[in-house]
1. Could you give me D for the range B:166-294, from Stokes-Einstein at 4 °C and 1.567 mPa s, where the hydrodynamic radius is the Kirkwood radius over C-alpha pairs? Units µm² s⁻¹, please.
2. Per the helix-only calculation at 222 nm, which mean residue ellipticity applies to the protein assembly as shown, given -39500 (n - 2.57) for every DSSP H run of n ≥ 4 and division by its residues, nearest 500 deg cm²/dmol?
3. Using the Cα gyration tensor of the protein assembly as shown, with a ≥ b ≥ c the square roots of its eigenvalues, what is the shape: rounded (a/c below 1.5), prolate (a/b larger than b/c) or oblate (neither)?
4. Roughly how big is chain A's charge dipole about its Cα centre, with Cβ charges of +1 (Lys, Arg) and -1 (Asp, Glu), in debye to the nearest 20?
5. Report, in whole Å, the centroid distance computed from the Cα atoms of the range A:413-432 and the range A:122-165.
6. Among B:64-71, B:75-82, A:415-422, A:18-25, how do they line up from the highest to the lowest mean number of other beta-carbon atoms within 10 Å?
7. Under a 5 Å amide H to amide H cut-off, with H placed in plane at 1.01 Å, what residues pair with B:Met283 once short-range neighbours are removed?
8. Under a Cβ-only charge scheme (Lys and Arg +1, Asp and Glu -1), can you give me the dipole magnitude of the range A:292-365 about the Cα centre, in debye to the nearest 20?
Amino acid sequence: MFDISAIDLARMQFAFTVSFHIIFPAFSIGLASYLAVLEGLWLWKKDVTYLNAFNFWKTIFAVGFGMGVVSGIVMAYQFGTNWAVFSDKAGPVIGPLMGYEVLSAFFLEAGFLGVMLFGQKKVGPKLHYFATLMVAVGTLFSAFWILSVNSWMQTPAGYLINDAGQFVPDDWIEVIFNPSFPYRFVHMVLAAYLTTAFVVGAVAAYHLLRNKANKPARVMFSMAMWMAVLITPVQMFVGDQHGLNTLKHQPAKIAAIEGHYEDYRGAPLVLFGIPDDEKEELLYAIEIPKLGSLLLTHSWEGELRGLKSFPKEDRPNSFIVFWTFRIMVAMGMVMLTVGLWSLFRRAQGKLYEDRWLARAAVLAGPTGFIAVLCGWVTTEVGRQPWTVYGALRTTESVSPINATEVGTSLLVFIVVYFVLFGMGVFYMLRLMSKTPGGDTEHATSSLKRASGLTGAPSTLDHSGH
Amino acid sequence: MEFDLPLIWAAIIAFAILAYVALDGFDLGVGIMFPFVSEKTDHRDMMMNSVAPIWDGNETWLVLGGGGLFAVFPLAYAVVMPALYAPIIAMLLGLIFRGVAFEFRWRASQKNRIWWDRSFAFGSILATFAQGVCLGALIQGIHVVDRSYAGGSFDWLSPFSVLTGVALIVGYTLLGSTWLVMKTEGDLQIIARKFAQVSGILILALIGAVSLATPFLHPDYFARWFEGPSLIFSILVPVLLAICAGILFIGLRRNQEIRPFLAAHGIFILCYIGIGITFYPYMVPPSLTIWAAAAPDKSLFFLLVGTLVLVPMILAYTIHAYWVFRGKVDTSGGYH
Ligand code: HDD
Ligand code: HEM
Ligand code: HEM
């Protein structure tokens with residue numbers, strides 16, 4: 001089929017399906033926690049605004065979560081269909097971690113999701129809240145295990161190799177808490193929280209622009225902007241530490257991120273440029289002298305290895321890694337700007353008055369998704385040409401399948417994903433555009449019904465029809 | 001400590017797959033019946049609501065089956081998935097088509113809802129058929145050379161695997177219809193009962209056909225069924241099957257609500273035991289045994305600890321979820 005090999009198609013297929021998949025978890029992880037917070041506030045303060053916000057987001061959550069589940073099942077089987085040799089070899093180490101993910105996370109999410117979404121009239125408020133909490137905890141467990149798996153592939157540790165050429169576990173603690181895992185876990189969970197915060201902020205801002213008196217929208221906007229201003233700087237700090245750790249374990253990835261081909265003492269920080277892997281040089285570079293070394297080694301004269309010091313067959317594609325990393329950082333800057341702006345307005349007591357801030361927040365809605373996707377592409381493409389870094393090459397990982405099979409299924413995946421998940425995103429956007437808390441009439445009637453909550457838990461309903 | 005860890009794990013995986021078939025079987029069956037139920041009444045709403053709160057949990061057993069295989073029998077996973085490439089992808093796509101419909105159906109306009117009904121039915125039928133084909137192809141055996149699949153792209157396709165594919169569609173219809181007999185009332189229940197009667201008769205015929213064909217696929221299978229100690233099973237299984245079928249049909253005739261559902265599951269479990277006998281001691285017939293496919297004991301043990309602690313908890317909260325949504329479904333009770 002054309003001139004593409006089965007392995008390239010398999011890589012494209014994995015990248016395509018996992019990229020679609022991660023969009024939903026990134027949002028569900030944050031939203032599940034946010035829902036738990038909202039329901040907790042409602043139970044505590046008995047202010048119906050929180051209940052309205054909870055019901056508003058719950059429906060949206062249901063749609064997104066469903067898409068996360070079905071796209072995730074594809075991922076679980078894709079290791080076998082497309083990366084059979086990798087599965088055979090790495091299975092004894094990463095398989096059990098994924099097994100723990102299923103047992104401790106997926107079942108927990110699924111077991112309580114039904115109660116959370118449909119059980120409001122069937123169980124008491126405490127039990128319902130417990131279900132919401134379990135769903136949130138489940139998403140975090142899931143992130144824990146799958147990121148441990150991914151981190152082990154980035155920085156393998158605690159393993160031996162047996163006669164059959166398989167990786168076998170030696171020390172589970174070292175496997176699970178491999179060197180890059182703590183950084184990746186924190187960075188990704190914060191990324192999910194920021195992603196959600198900016199979606200919530202954008203939706204709230206959109207409703208504030210239409211009616212700045214809308215109570216649920218005000219609460220949502222305020223909460224989202226607190227997250228923006230508090231979490232973004234933390235995320236930047238964690239990202240910096242993450243990068244220092246990567247320098248230790250995957251120096252070629254850092255060289256590609258920085259666009260450095262030569263070894264440096266006192267390396268510049270490259271702001272922009274076009275890395276050219278053929279010519280082995282960075283074209284049109286705009287750089288700040290010495291800052292690169294300062295950031296990565298905390299010394300003006302620190303030494304950094306360039307890509308040329310690695311054999312050509314061990315280098316990742318610099319162009320992709322260089323740019324996706326910069327886009328991620330740029331998104332971080334945008335988030336920080338919006339956060340600081342909101343803090344300034346809040347101090348003036350004009351948080352809900354500034355229409356330009358609201359417009360900016362609407363525009364910043366997708367920044368989290370963009371940063372997450374770019375971050376992952378940096379991480380994954382930067383790991384190339386290895387699947388298990390330094391130990392198993394991507395070319396040695398692939399299944400014995402032919403290009404027609406993979407190509408056809410890739411094509412079908414692309415069509416089906418765009419149509420079905422496209423519709424799903426459309427439905428989510430439509431739900432987001434509904435006024436939170438409904439019109440005033442609906443709001444008062446829900447107030448009336450809500451007052452009976454503790455006695456008869458029949459007041460929360462699955463809004464939307 | 002001389003536990004036969006691979007054997008224990010084979011039993012656990014077998015349990016996970018059985019749990020999947022028994023649980024997701026009925027909610028897939030509900031989807032298979034969708035096109036045959038009028039869209040003008042609220043029957044389709046009820047059918048979907050009867051499974052909406054639990055389908056995700058049911059499907060998770062499939063992830064455990066696949067994920068578990070990856071974890072403890074990585075070689076089997078690495079051989080089976082490429083061998084069954086097309087039916088596996090078809091199953092995954094089918095699960096997507098039906099999985100999204102659970103929510104999308106309620107988000108679409110009245111006019112467009114029909115498309116998600118179609119998506120739900122199409123996905124359910126496709127996923128079921130693909131699972132049946134996978135089963136048939138596994139029973140036929142998979143060609144392994146040097147730790148990897150060595151057959152062609154279409155080895156899975158044969159009259160036998162198509163037969164098992166069709167049989168599973170009928171079988172899940174039986175599970176789904178007896179579920180609806182239990183969960184619904186009135187007209188819908190009457191329709192479900194008819195479905196159960198027809199699919200009950202058909203499934204017995206198909207089980208007969210598959211059982212007759214299986215021993216001739218491979219001389220080993222013949223020996224396993226008709227020689228040695230398992231001969232007892234060869235006699236016992238059909239007898240028990242007849243008893244279950246009796247309970248099913250009598251229950252349906254007498255308008256009993258729970259027994260037909262249990263009897264239908266009895267039939268499934270017996271078939272499953274039969275397949276187990278056919279397979280043993282192979283993980284992937286005809287060459288990969290349970291022990292050859294297993295990961296090292298250290299991997300098996302590590303996950304076993306968690307399994308022994310977590311699976312009872314999973315069973316407990318799964319039962320709780322079913323308990324919360326017990327009784328007949330109605331269109332008001334907190335569903336969509
Ligand atoms: C950091 C988070 C994260 C990352 C990197 C991934 N996932 Fe994921 N996954 C989740 C976080 C998550 C989640 C938040 O837990 C989901 C989203 C919706 C859901 O049901 O759980 C999920 C769902 C989900 C499911 C469905 C579970 C169910 O039935 O409930 C499977 C099988 C996978 N994922 C498997 C994978 C694989 C094999 C990945 C490797 C590429 C992967 N996920 C990346
Ligand atoms: C969730 C967000 C993720 C994204 C967006 C992502 C992105 C990518 C991309 C772009 C590739 C192709 C790289 C290339 O071939 O140049 C890839 C490959 C791959 N990734 Fe990821 N990845 C993600 C998460 C994961 C996780 C969590 C795992 C492990 C559990 C993983 C395992 C793999 C494997 C096995 C391959 C295929 C082999 C390879 O090319 O290395 N990925 N991913
Ligand atoms: C602005 C400061 C930031 C810095 C210095 C930074 C740094 C990094 C580095 C070095 C990596 C690659 C790690 C590796 O592959 O070993 C990475 C990955 C990633 N980044 Fe960032 N990041 C920043 C902001 C963000 C923001 C704002 C988000 C999302 C909201 C984000 C999301 C991600 C994700 C999802 C990954 C991939 C997963 C991982 O390897 O952790 N980053 N980041």
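FYI, it's all coordinate maths here, none of it is from the lab. Given the structure is predicted, the values throughout are model-derived calculations rather than measurements. Cβ sites come from the backbone with ideal geometry, for glycine too, and all protein chains shown count toward neighbours.
1. Numbers: Rh = 15.8 Å.
In µm²/s, the coefficient is 82.
2. Working: 29 runs with 570 residues, N = 801.
When only DSSP H runs of four or more count, the value is -24500 deg cm²/dmol.
3. Numbers: a/c = 2.14, a/b = 1.20, b/c = 1.79.
Oblate, because a/c is 1.5 or more while a/b does not exceed b/c.
4. Details: 34 positive and 33 negative charges, 502 e Å.
That gives a dipole near 2420 debye.
5. 27 Å
6. Values: B:64-71: 26.4, B:75-82: 27.9, A:415-422: 14.9, A:18-25: 20.5.
Highest mean packing first, the order is B:75-82, B:64-71, A:18-25, A:415-422.
7. B:Leu288, B:Thr289, B:Ile290
8. On the way: 10 positive and 6 negative charges, 62 e Å.
Result for the range A:292-365 is approximately 300 debye, rounded to the nearest 20.
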